[in-house]
Structures are given as C-alpha cells and as structure tokens.
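Visitor: Questions regarding the structure given below will be posed in turn.
The values are calculated or read from the model by the stated rules, or taken from the named source; none is laboratory data. In this text the structure is predicted, and so the values were computed from the model without any measurement. Cβ placement follows ideal geometry from the backbone for every residue including glycine, while neighbour counts extend to all protein chains displayed.
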Amino acid sequence: MANNKSSKKRIEIAERNRLRNRSYKSALRTLMKRCFSACSAYGQEPGDAGRQAVQDSMNAAFSKIDKAVKVGVLHRNTGAHQKSRLSAAVKTVLEPAAKA
C-alpha cells in the first residue's frame, strides 16, 4: 500500500486512466465488430439500406478510433492500422457492387 500522498494520488490516477482506457477500447471493439458484421450482411444481401449501414458503422468506428488516439488510449500507428483494416473490409464489400 502507498505510504505518501503523491504515491496514493498516482494510484488513483492510474485507476482512473485504466477505466477510461477500458471503456474506449470496449466501445472501439464493439463498433469494429458492428462494421464487420454490417459488411458481411451487405455481402449476403446487397441493397441501399445495407450500403448505408456499412457507411454509418464505418464512420462511427473511425470517429471513435480518432478520439481514442487523440486522448492517448491508442498509439497513432495502432489507430491507423485499425482504420486500414476497416477500410479494406468495406472496400472489398462495396467495390464489386459498384462495378456490377
């Protein structure tokens, strides 16, 4: 257990940051899963509503990734990697439909 005031404060700050980071990462994983599932649903049954769902879910995930990077929860390269994964998944689903 911490003995002096500064170490007690650091413990409190670390716990606060841990909870904030956990909530950001959890929300981020949820939004990414939602985007991937929207992509697979659109791949099974293409349509305007599905296309809009893919775009909306991707925009929400991008926004959350950018905020997590800005706050310091994610490293900027990790954020870029996740955005690249999402973009690639969305592109593979939407591009063949655009050409057909």
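Visitor: With respect to Val93, is the statement that it is of a type outside the set (Asp, Glu), in contact with a Lys or Arg (Cβ under 8 Å, 6 or more places away or on another chain) and at pLDDT below 95 true? Can you show your working first?
Guide: Numbers: of a type outside the set (Asp, Glu): yes; in contact with a Lys or Arg (Cβ under 8 Å, 6 or more places away or on another chain): no; at pLDDT below 95: yes.
It is false that Val93 is of a type outside the set (Asp, Glu), in contact with a Lys or Arg (Cβ under 8 Å, 6 or more places away or on another chain) and at pLDDT below 95.
Visitor: Within the range 42-53, can you find the residues that are in contact (Cβ under 8 Å) with a residue 12 or more places away in the chain and either charged (D, E, K, R) or surrounded by fewer than 17 Cβ atoms within 10 Å (Cβ to Cβ) (or both)? I'd like the intermediate steps shown before the answer.
Guide: Taking the range 42-53 and keeping what is in contact (Cβ under 8 Å) with a residue 12 or more places away in the chain, we get 42-43, 46, 50-51, 53.
Across the range 42-53, the qualifying residues are Gly43, Pro46, Arg51.
Visitor: Output the residues belonging to the range 48-100 that are under 17 Å from Lys25 (Cα atoms) and either in contact with a Gly (Cβ under 6 Å, 6 or more places away or on another chain) or among the acidic types (Asp, Glu) (or both).
Guide: Of everything in the range 48-100, those that are under 17 Å from Lys25 (Cα atoms) and either in contact with a Gly (Cβ under 6 Å, 6 or more places away or on another chain) or among the acidic types (Asp, Glu) (or both) turn out to be Ile65, Asp66, Val69.
Visitor: Kindly evaluate Gly43 against the criterion of being under 22 Å from Ser23 (Cβ atoms), out of contact with any strand residue (DSSP E or B) (no Cβ under 6 Å at 6 or more places or on another chain) and either in a helix (DSSP H, G or I) or charged (D, E, K, R) (or both).
Guide: Working: under 22 Å from Ser23 (Cβ atoms): no; out of contact with any strand residue (DSSP E or B) (no Cβ under 6 Å at 6 or more places or on another chain): yes; either in a helix (DSSP H, G or I) or charged (D, E, K, R) (or both): yes.
So Gly43 fails the test.
Visitor: Scan the range 54-100 for residues that are surrounded by fewer than 15 Cβ atoms within 10 Å (Cβ to Cβ), closer than 24 Å to Leu19 by Cβ and touching a residue at least 40 places away in the same chain (Cβ under 8 Å) and jot them down.
Guide: Val71
Visitor: If Asn3 meets every condition in (1) surrounded by 15 or more Cβ atoms within 10 Å (Cβ to Cβ); (2) polar (S, T, N, Q); (3) not in a helix (DSSP H, G or I) apart from one, which number is that one?
Guide: Every condition holds for Asn3 apart from (1).
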